[in-house]
Amino acid sequence: MDDLIRNIRTDLRLAMNGVVSSSMRNKGVDYKMNFGVDVPRLKEIAQKYESNAALAQELWKLDVRELKILSTMLYPVSELSEANADEWMNQIPNHEIREHLCRNLLQRLTYADELVQKWTADANESVRLTGYWLYVRLMMIQAETSKRINIQLVIEKALADVHACDTLLRTAATNVLMQVIRRRQEGADYIMEQISKFSTSANPLEKELYDNLQFEFKLKA
């Protein structure tokens with residue numbers, strides 16, 4: 001295991017980009033170590049190694065940007081338990097890793113719908129944020145698991161969180177509503193009914209939300 005991790009670190013050092021790493025730090029994306037390697041190159045590195053749950057778990061533990069991303073690429077989907085998914089979700093250090101975890105691993109799970117239901121109903125904003133992002137990913141790839149989700153419950157949570165103070169949570173909730181409008185007619189009608197009062201709102205965020213969703217709704221018509 002140690003040899004594998006050393007080999008991966010060597011691959012990263014050979015591909016490192018100090019300019020990108022510095023730029024990310026300046027934007028507040030901070031890790032103990034960041035090689036600045038772009039995602040296409042990380043995918044190439046991941047292809048050199050076999051999927052391995054133990055290796056992925058060790059990489060995930062390290063506060064190194066690229067190793068965390070690689071862990072989401074190398075974990076065998078069939079071996080990730082719901083308990084492991086919950087554990088990793090609670091250890092997400094920033095939004096970049098959240099996106100990679102949802103895209104590379106969670107959206108491929110046969111029980112992804114159960115995670116969405118559980119996480120979007122959670123009282124913790126960070127947990128809901130991950131649940132929203134996972135739902136959006138499932139909708140974007142038209143995953144079968146997305147059809148098993150109680151969409152009404154997710155919509156209700158998202159409608160509440162479009163008023164959240166946290167920008168990431170507010171954006172994620174809005175993206176959920178947009179995906180529903182694009183792909184679920186019964187949900188789309190309900191959403192537009194609920195936000196109709198925002199059409200003349202003095203709150204610029206509410207008015208912008210209404211205009212954006214109304215635009216999506218008309219495109220679908």
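List of remarks:
- Legend: calculated FRET efficiency, LEU205 to ASN90, from the Cβ-Cβ distance at R0 = 45 Å, rounded to 0.05, equals 0.95.
- Sequence-separation-based contact order of segment 100-174, relative, with Cα cut under 8 Å and 6+ spacing, percent: 31
- Extension gain, GLN152-ALA123: 0.36 nm per intervening residue step, less the Cα-Cα distance, totals 8.7 nm.
- Sorted by Cβ density within 10 Å, fewest first, the residues THR110, THR167, THR130, THR145: THR167, THR110, THR145, THR130
- Sorted ascending by nearby beta carbons within 10 Å, beginning with the fewest, ASP2, ASP11 become ASP2, ASP11.
- Here the contact order of segment 17-174, divided by its residue count and restricted to Cα pairs under 8 Å and six or more residues apart, works out to 15 percent.
- Whether segment 1-148 is rounded, prolate or oblate, judged on the alpha carbon gyration tensor where a/c under 1.5 counts as rounded: prolate
- Residues CYS165 and ARG6, FRET efficiency given R0 of 41 Å [Cβ-Cβ distance, rounded to 0.05]: 0.40
- Shape class of segment 51-126 from the Cα gyration tensor (axes a ≥ b ≥ c, square roots of the eigenvalues): oblate, since a/c reaches 1.5 or more and a/b does not exceed b/c.
- Positive minus negative residues near TYR210 (Lys, Arg vs Asp, Glu; Cβ under 13 Å): -2
- Neighbour counting of Cβ atoms within 10 Å sorts the residues THR200, THR171, THR120, fewest neighbours leading, into THR200, THR171, THR120.
Laboratory data are not the source of any read-out in this text; all were calculated from the coordinates shown. Keep in mind that this is a model prediction, so the values were computed, not measured. No Cβ is skipped: glycine too gets one built from the backbone with ideal geometry, and neighbour counts run over all protein chains shown.
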